[in-house]
Every structure is written in C-alpha cells, then in structure tokens.
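Written out below as structure tokens is the structure these notes cover.
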Amino acid sequence: MSAQIFKFCFLCATIFGAAAVLNAQTDASNSPMAGGRAAKAEEVRTLRDMLAKQRAIQDKKDHEEMLKRGEEAALLSEQLENAFEQNKELSRQDRQKLESLEKIVHKIRKELGGDDDGEEDAALGSEAKPSTPREAFNILKATTFKLVGELKKTSRFSISVMAIQSSNSVLRLVKFLRLRS
C-alpha cells in the first residue's frame, strides 16, 4: 500500500509541476523578460527620435552655413569688381580673392547636389558671353547676387536648379577671368 501511495504522490507532483511550467510559459507578459523587451523597444524608438532630431539640427546648421558662404561670395564678387574698376587689372591679392570665390561657389554647388555637366555653352542659354574683363566682372557680380537670392529662396529640404545653374555660371565667369586678366 505504501508503494501505491508513493506512486500516487509522485503522479500528483509530476502533474502539478508540469502545470506550473506550462503556466509560466504561457503567462510571459508578467515576466521581467517581457518588460525588458518593451523597455528595449522604447529605448530604440527614443534613440531613433534623438538621431532624427540631431540630423535635423545638423541639416539646419549646414543650410545656414551655405547661406553664409553665399553672402561671402557676393561680397568677394563686389570687391573684385571694385578693384578691377580702380586698377584696370587684378593684383595678386585680387587673384587670391578670385580663387576663394571659386572654392566657395564649388562648395555651394556641391551642397546643392549639382555638378558641371560639361555642357558649358548649352547651360549658358540666354546668358551673354563676356567679351572683356570689365563686362565679365559686371556679369559676375550680378550672377553671384542672383545665386545668393536663389539660395535664400531655398530651404534645407529643397534643391534649387536655378541656384545650381547660377553657381555654374559664376564658375565659368571665374574661369574666364582667370584666363583673361
């Protein structure tokens, strides 16, 4: 009889143990592991939000820097035109300003996503080609101010084809002036 009681107790203990294991597996929502998954998912979501905010702040900063470069380019073109009007030629310092203008406009064009497609004459369209350095400086100043105006119209979310074309025109004029003056 004690063997039968022992078998009965063993069977009951096995059934209760199996029921406890099955209950623990099906009720995972109360376990600390499930809470860990939810917390981890929340961390990932907040990390993505934080990275998106940082990206937006960096984009805004980059756009503001591009606008500052545009203002600097306009100032340089005006200084170059005035220097040429006074001296009828470019000094070494003026040539350095011309190189600086070229570098600045290259950066602007790159940030806008543009490049020189190699079709200089086709891209000029209705623009008149300058025949003298004086005329080139006048056009350079006007085109640079046009570029700055186009940059001010853009946002950090947009690409301005007109600004890219203006930057290409400025670069062509700089090249003309380097060769002619």
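The values are calculated or read from the model by the stated rules, or taken from the named source; none is laboratory data. As the structure is a prediction and not an experimental result, all values here were calculated from the model. Methodologically, a virtual Cβ is constructed for each residue, glycine included, from the backbone with ideal geometry; neighbour enumeration extends over all protein chains shown.
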Mind telling me which of the residues Leu67, Leu112 ends up being surrounded by 18 or more Cβ atoms within 10 Å (Cβ to Cβ), in contact with a helix residue (DSSP H, G or I) (Cβ under 7 Å, 6 or more places away or on another chain), under 21 Å from Ser155 (Cβ atoms) and of a type in the set (A, V, I, L, M, F, W, C)? Leu112
Can we say Glu111 is in a helix (DSSP H, G or I) and modelled with pLDDT under 95? yes
How many residues, within the stretch 142-167, are among the hydrophobic types (A, V, I, L, M, F, W, C) and within 14 Å of the chain's Cα centre (by Cα)? 2
